[in-house]
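Notes follow the structure.
The values are calculated or read from the model by the stated rules, or taken from the named source; none is laboratory data. None of the values given here were measured: they were computed from a predicted structure. Glycine also receives a Cβ, built like all others from the backbone with ideal geometry; neighbour counts cover every protein chain displayed. Remember, those area values only see protein heavy atoms, side chains included, never the ligands or the DNA or RNA. Shrake-Rupley method; radii C 1.70, N 1.55, O 1.52, S 1.80 Å.
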Amino acid sequence: MSHTQVLGTGAYRPDNIVTNADMEKLVDTSDEWIQSRTGIKTRPMTIDENTSDLAYNAALNAMADANITAADLDLIIVATVTPDYQFPGVSQLLQKRLGCRPIPAFDINAACSGFIYALDIADKMLKSGTYKTALIIGAETLTKFADYDDRNTCVLFGDGAGAFVMGRSTENKIKSIITYANGDDQGYLKMDGYPLKVDFKTPKQARPFLEMNGQEVFKFATTVLPRIVKELLEDAKHTIDDIDIIIAHQANKRIIDKAAKTLKVDAHMMFSNIEHTGNTSAASVPLAIDEAIKTGRLKKGDRFITAAFGAGFTWGGAVIEL
Ligand code: ACO
């Protein structure tokens, strides 16, 4: 059976950087509160670029890294909860903008775990033998759905996109991938859709906002993150000593620190870039992985665990060798 591998990675963040001091002007908060409760200092926030613009730039960077052109792509999957439009999807806009021939291109929504789901789908589609090269992207502009009257949530999010080019491999480089969901019927983390029936009174411009019960999400995240790591190690028949670094979804530094304690691993093993990125949902994991590679924390031949969790509730992870 053929295997798959990561051929290249890329990232893109908007230039506009919003500091905690900027947040203090919007809501009753403080730099001290945000840093001590979340680890966030600054976050990139888009002004005039939409999700497909971020995805496009991340895609170009990943394709350059993999040394391929649009003609080489056989499949595009975009994980996002903040597409430009309900339809067409970000993936379909990208297929055109990148100049690909007609190929399968679709979006998926598994919230902050979306990139892991995309990895899982691409891995299996590549292994089917029908496709040779896939572009998978996590791209979000969550800040356009933040409620800037709600200090509990608006300080947490940033915008960005991260991408992988994946291809087939003769060596087993992707050792394990897991994905799960367990429906959040309490609405602990949600964003409303459109009303089933138009009541003729809803203002045309009314838009949904992200709502979150932070403590419930925190409980879920701190329980599930160590569980993902343990299951991946078991599935890949590895011990923690076989792993160079753990790159988790960057939702909150305290979640990552707590997982390190539960797993009894050195805090240094847990990569974090939340300080200057914030929570970028589906973009979080590929942004962090790309940053780890580009800053030399991850090198060719290194083996890492990536793990994500988020609205849905969804969770998943992978063991990957570069
Ligand atoms: N600035 C100042 N005070 C604040 C702020 C703020 N930005 N936000 C909340 N507070 C206040 C609260 O109002 C509360 O005040 P009160 O005691 O007077 O009522 C106090 O701080 C404590 O609030 P808690 O909710 O208990 O704060 P907590 O320590 O739990 O931290 C946080 C909140 C950071 C949101 C945390 O619960 C968390 O990180 N949860 C997980 C979030 C997450 O992982 N989301 C990821 C998924 S996003 C996605 O999937 C799209």
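Kindly establish whether Thr141 is among the β-branched types (Val, Ile, Thr) and near the ligand (Cβ under 9 Å from one of its atoms). Lay out the reasoning, then the answer.
Working: among the β-branched types (Val, Ile, Thr): yes; near the ligand (Cβ under 9 Å from one of its atoms): no.
When the stated conditions are applied, Thr141 does not pass them.
Residues checked against (1) at pLDDT below 95; (2) open to solvent by less than 70 Å² (accessible area, probe 1.4 Å); (3) within 16 Å of the ligand (Cβ to nearest atom); (4) not β-branched (Val, Ile, Thr):
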{"position": "Gly160", "(1), (2), (3), (4)": "no, yes, yes, yes"}
{"position": "Phe164", "(1), (2), (3), (4)": "no, yes, no, yes"}
{"position": "Tyr180", "(1), (2), (3), (4)": "no, no, yes, yes"}
{"position": "His238", "(1), (2), (3), (4)": "no, yes, no, yes"}
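Residues are listed down the side, and each one gets a yes or a no for (1) part of a loop (DSSP other than H, G, I, E, B); (2) more than 16 Å from the ligand (Cβ to nearest atom); (3) in contact with a strand residue (DSSP E or B) (Cβ under 9 Å, 6 or more places away or on another chain); (4) of a type in the set (A, V, I, L, M, F, W, C):
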position	(1), (2), (3), (4)
Ser176	no, yes, yes, no
Gly187	yes, no, yes, no
Asp199	yes, yes, no, no
Ala206	yes, yes, no, yes
Glu211	no, no, yes, no
Lys219	no, no, no, no
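The C-beta contact set for region 1-24 (first residue in contact (Cβ under 8 Å) with a residue 40 or more places away in the chain, second residue acidic (Asp, Glu) and open to solvent by less than 10 Å² (accessible area, probe 1.4 Å), distance under 7 angstrom, 6+ apart or interchain) comprises Thr4/Asp123; Pro14/Asp159.
Identification of strands (runs of 3 or more DSSP E) wholly contained in region 13-89 with 2 or more residues that are touching a His at 6+ places or on another chain (Cβ under 9 Å) yields 42-44.
Residues in region 214-227 include none that are closer than 30 Å to Asp290 by Cα, in contact with an Asp or Glu (Cβ under 6 Å, 6 or more places away or on another chain) and aromatic (Phe, Trp, Tyr). All of (1) among the aromatic types (Phe, Trp, Tyr); (2) within 16 Å of the ligand (Cβ to nearest atom); (3) assigned to a strand (DSSP E or B) hold for Tyr117 with one exception: (3).
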